[in-house]
Amino acid sequence: MKLHNLISFFLGPVLAAITVVFFTQSAVSATPDPTEQFRPFLNKVTATLADPGLKKMPKHEQSRRIIGVVRERFDFREMSKRVIGQQWRNLSEKEQREFEELFTQLLQYAYVGKIDEYSGQQVQFTQQRIKGERAEVQTLLVDKAKSIPVSYIMLLRGDQWMAYDVVVEGVSLVRNYMEQFSEILRKDGYPGLVKQIEEKIAELEKDIKKT
């Protein structure tokens, strides 16, 4: 056997193995790290909450500013889709957009009161789990008195991890709303759900304007 044939004989399998390893590693490394994407986002949220100017604003301005930051890394369409389940498929594209905006507005007003509860708590990242295009980033919200476990459930959109659920001390925000909405849908249908959400938003807006 000629020398170049011997080299090819011995090196061929080695080069093939190296090629497989290279492309396998490339495929793995191509998936972005959810924690590294989410860390600067949560830093921005806590910095916004810690801004002394925030609490001087009227409540409705506070809520607008916070929701503007939250939109950067939360997929409110996916969240809206999940809270009403199978009903989502029965809605037109226009109705889906309208419900997404309505549900986002509900969250915006429902949680604006929580802004005053922020007193410098820090976020500690504990671990993450990735399964295909889904991920969970687990954190602790820490202050001097206690640590609260908070997990963010995400989907990969292109090269960006977007959260669609928050689980606080084992309680899922999406599941909580889904259970409430499914009961309303069963009794009053989709028009009844929209009516109740609109009434709740009007009530929350009224309360906010008093402060």
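Readers should treat all values here as calculations from the given coordinates under stated rules, not as data from a laboratory. None of these values were measured; they are calculated from a predicted model. We place every Cβ from the backbone using ideal geometry, glycine too, and count neighbours over all the protein chains shown.
Summary of values
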{"read-out": "Residue 64-residue 30 FRET efficiency (beta carbon distance; Förster radius 41 Å; 0.05 resolution)", "value": "0.65"}
{"read-out": "Distance violations [Cα-Cα > 31 Å] among 81/131; 131/200; 144/200", "value": "131/200; 144/200"}
{"read-out": "Nearest-0.05 FRET efficiency for residue 159 and residue 95, computed from C-beta distance (R0 22 Å)", "value": "0.15"}
{"read-out": "Cα-based Rg of region 35-210 normalised by 2.2 N^0.38 Å, two decimals", "value": "1.07"}
{"read-out": "Distance in nm between pseudo-label sites at residue 206 and residue 194 (7 Å out along the Cβ direction from Cα)", "value": "2.2 nm"}
{"read-out": "Long-range HN-HN contacts of residue 54 with modeled amide H, under 5 Å", "value": "none"}
